[in-house]
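The values are calculated or read from the model by the stated rules, or taken from the named source; none is laboratory data. Predicted model, so just to flag it, every value in this text is computed and none were measured. Neighbour counts are summed over all protein chains in view; Cβ atoms, including those assigned to glycine, are modelled from backbone coordinates with ideal geometry. Ligands, DNA and RNA are stripped out before the accessible areas are found, and what is left, the full protein with its side chains, is counted by its heavy atoms. Shrake-Rupley method; radii C 1.70, N 1.55, O 1.52, S 1.80 Å.
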Amino acid sequence: MLVWDGGRVSPLPWGKRVAFGVTDGGVRTCVGARGHACPVRAVVPGRSAGARCQECARLDRAHSVAADTIADDPRPYHVYLAWFGPGMVKVGITAEERGSARLLEQGAVCFSWLGLGPLMAARRTEELLRAALQVPDRIPYAEKRAVRSGLPVAEAERAAEVEELHGRALALDGWPESLAREPCQPVDHAEVFGLADLPAAVGEVTELVAGGAVSGRLVAAAGPDLHLVTGRGVVVLDTRLMRGWDLLPVEGPVGGDELTLPMKEFKRGPSAQDGLF
């Protein structure tokens, strides 16, 4: 669902028409940090996923696990392996209390827990996998988007790389003693995201612009990405690009589900992604 300023929410069931316009002559302003508005309402670039000015971005990361600025966090952390497509497996950590929320936010199609323990032990395990098995801790969103419509149909096939890498990870020496290893139990999100029979996307919206608009039928949603059937084909809209803009509802059909926002087309042909194994 989409959450708007003021707390209003918009459910996003499959088949729903998503339509909005950007105020003509408007600019994108910083969304602030840690629940506080930007004091200067700074203008931020349209392509920024964070929608924050430099100072607010610094404040937002001042107490961030990702930035390694809260090493004394007493909460237990999970280490996980997440799969986004063939050859796209990453390692990461998330607070146990968050459950699988972090994996859903990233658009992980399949994942499994690897271990559980103190924050710094989880961090050391993450670094161990990165160094010993060459597993990244980030997968670019552009790569995730480009392969979603061509994923294996069988759930077992989607879990195969996670299971193989999980076994290799547990066999490594150097695990922190305080991190409890966990069995491989893949969790699949393909149905949650609506990826079955997903039409291939022709491209992705690169930014919102003043006076632009989008109207399309929702066919899938993974992480921040909405897959919309528009007059130009299936287009992926990263909802993080909407933050900081003044948006207007669009009533009725708009040019037969039009898109008047900048778009980057996906390359056709075999993927150039290298395998991990």
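Got a number for residues in the range 194-217 being acidic (Asp, Glu) and crowded, with 20+ Cβ neighbours inside 10 Å?
The qualifying residues number 1.
Quick check, is Gly174 small (Gly, Ala, Ser), open to solvent by 40 Å² or more (accessible area, probe 1.4 Å) and at positive phi?
Against the criterion (small (Gly, Ala, Ser), open to solvent by 40 Å² or more (accessible area, probe 1.4 Å) and at positive phi), Gly174 qualifies.
So, in the range 177-193, of the ones that are acidic (Asp, Glu) and in contact with a strand residue (DSSP E or B) (Cβ under 6 Å, 6 or more places away or on another chain), which residue ends up surrounded by the most Cβ atoms within 10 Å (Cβ to Cβ)?
Asp188
May I ask you to verify whether Arg168 is among the basic types (Lys, Arg) and at pLDDT 95 or above?
Against the criterion (among the basic types (Lys, Arg) and at pLDDT 95 or above), Arg168 qualifies.
Among the residues of the range 218-237, count how many are touching a Phe, Trp or Tyr at 6+ places or on another chain (Cβ under 9 Å) and open to solvent by 10 Å² or more (accessible area, probe 1.4 Å).
Counting residues in the range 218-237 that are touching a Phe, Trp or Tyr at 6+ places or on another chain (Cβ under 9 Å) and open to solvent by 10 Å² or more (accessible area, probe 1.4 Å) gives 4.
Do we have any residue at all in the range 192-202 that's over 21 Å from Val229 (Cα atoms) and of a type outside the set (Ser, Thr, Tyr)?
no
Within the set of pairs 6 or more residues apart or between chains, which connect a residue that is in contact (Cβ under 8 Å) with a residue 24 or more places away in the chain inside the range 171-187 to a residue that is open to solvent by 50 Å² or more (accessible area, probe 1.4 Å) and small (Gly, Ala, Ser) with Cβ atoms less than 9 Å apart?
So the pair list comes out as Leu172/Ala132; Gly174/Ala132; Pro186/Ala156.
I want to confirm something. Restricting to the range 135-152 and keeping residues that are charged (D, E, K, R) and surrounded by 15 or more Cβ atoms within 10 Å (Cβ to Cβ), which single residue is nearest to Ala190 (Cα to Cα)?
Restricting to residues being charged (D, E, K, R) and surrounded by 15 or more Cβ atoms within 10 Å (Cβ to Cβ), the top hit is Arg148.
Considering only residues that are exposed (fewer than 12 other Cβ atoms within 10 Å of the Cβ) and either modelled with pLDDT of 90 or more or small (Gly, Ala, Ser) (or both), look in the range 256-275 and name the one that is farthest from Ala201 (Cα to Cα).
Residue satisfying both the conditions and the ranking: Gly275.
I'm told Ala132 meets every condition in (1) within 15 Å of Gly167 (Cα to Cα); (2) without any contact (Cβ under 8 Å) to a residue 60 or more places away in the chain; (3) over 20 Å from the mean Cα position of the chain (by Cα); (4) buried (at least 16 other Cβ atoms within 10 Å of the Cβ) except one. Can you identify the failing condition by its number?
Looking at each condition in turn, Ala132 falls short on (4).
Right, Val162: at negative phi and open to solvent by 20 Å² or more (accessible area, probe 1.4 Å) or not?
Criteria not met by Val162.
Could you tell me which of the residues Glu155, Glu127 is loosely packed, with under 15 Cβ neighbours inside 10 Å and under 23 Å from Pro76 (Cβ atoms)?
Glu127
For Arg98, only one of the following conditions fails: (1) touching a Lys or Arg at 6+ places or on another chain (Cβ under 9 Å); (2) open to solvent by 10 Å² or more (accessible area, probe 1.4 Å). What is its number?
(1)
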